[in-house]
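A quick write-up on the structure given underneath.
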Amino acid sequence: MNWESEWTASYSVGVASLDFQHKEIFRILQDLYNIDGSASREILDDVLTRLTAYAQGHFEEEELLMAQAGYPGLAAHRAEHTAYIAAVAGFCAELEDGGESVLLELKHYLRQWWLVHILHLDMQYKQALSQASSSALPPSGTRPPSAPWSPCSRACTPWRPSSARRA
């Protein structure tokens with residue numbers, strides 16, 4: 001399974017820092033898609049931790065910019081972010097026993113979620129942020145701060161498909 005999603009202008013939300021962050025998320029997702037059942041649990045946990053920490057920092061900046069612009073869909077957008085974090089945490093818990101099949105489900109979920117989120121939900125705030133005066137929006141960096149939350153913070157153990165653990 002391959003990520004096979006290249007960044008194009010169609011993903012641009014018109015805010016350079018958010019576009020940069022979306023590109024970085026695409027890069028981390030490609031790292032996840034490069035992992036298969038032979039990878040150690042430590043490698044998988046590292047990629048998932050990078051993804052979730054980066055995504056959480058991105059969500060914080062995105063929500064701040066929407067609040068500063070007075071975007072009326074902020075509460076619904078924030079709820080989507082909260083649901084994403086809960087879903088990823090659930091997948092991480094299931095990975096312990098579900099092995100490669102859960103990893104494939106997680107990859108599918110993340111691919112669908114990010115593509116739909118950027119192309120549909122994020123595009124809904126594009127006009128509001130572009131209409132907000134540049135002085136009303138805080139200067140934003142090109143990378144969000146690292147977030148403390150990690151869904152895979154337990155001790156890493158070698159990860160094998162569940163069929164190999166039963167043998």
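Each reported figure results from applying straightforward, stated rules to the coordinates on display, with no laboratory input. Since the model is a prediction, treat every value here as computed from it, not as a measurement. Cβ atoms come from the backbone with ideal geometry, glycine included; neighbour counts cover every protein chain shown.
Which is farthest toward the positive dipole end of the stretch 1-121 among Tyr54, Leu115, Ile85, measuring Cα position about the Cα centre, with Cβ charges +1 (Lys, Arg) and -1 (Asp, Glu)?
Of the listed residues, the answer is Leu115.
Sorted from fewest to most neighbouring beta carbons within 10 Å, what does the list Tyr11, Tyr125 look like?
Ranking Tyr11, Tyr125 by Cβ neighbours within 10 Å, fewest first, gives Tyr11, Tyr125.
In what sequence do Asp97, Asp19, Asp122 fall when counting other Cβ within 10 Å, fewest first?
Lowest count first: Asp97, Asp19, Asp122.
Length gain on complete extension for the stretch Gln127 to Ala87, per 0.36 nm per residue less the alpha carbon to alpha carbon distance?
11.5 nm
Which of rounded, prolate or oblate describes the stretch 1-131 when judged by the alpha-carbon gyration tensor and an a/c cut-off of 1.5?
prolate
Could you derive backbone 3J(HN,Hα) for the stretch 112-126 from the dihedral phi with the Karplus parameters 6.51, -1.76 and 1.60 (θ = phi - 60°), listing whole Hz in sequence and x where the residue is Gly or Pro?
With coefficients 6.51, -1.76 and 1.60, one gets 4, 4, 5, 5, 5, 4, 5, 6, 10, 6, 5, 5, 5, 8, 3 Hz.
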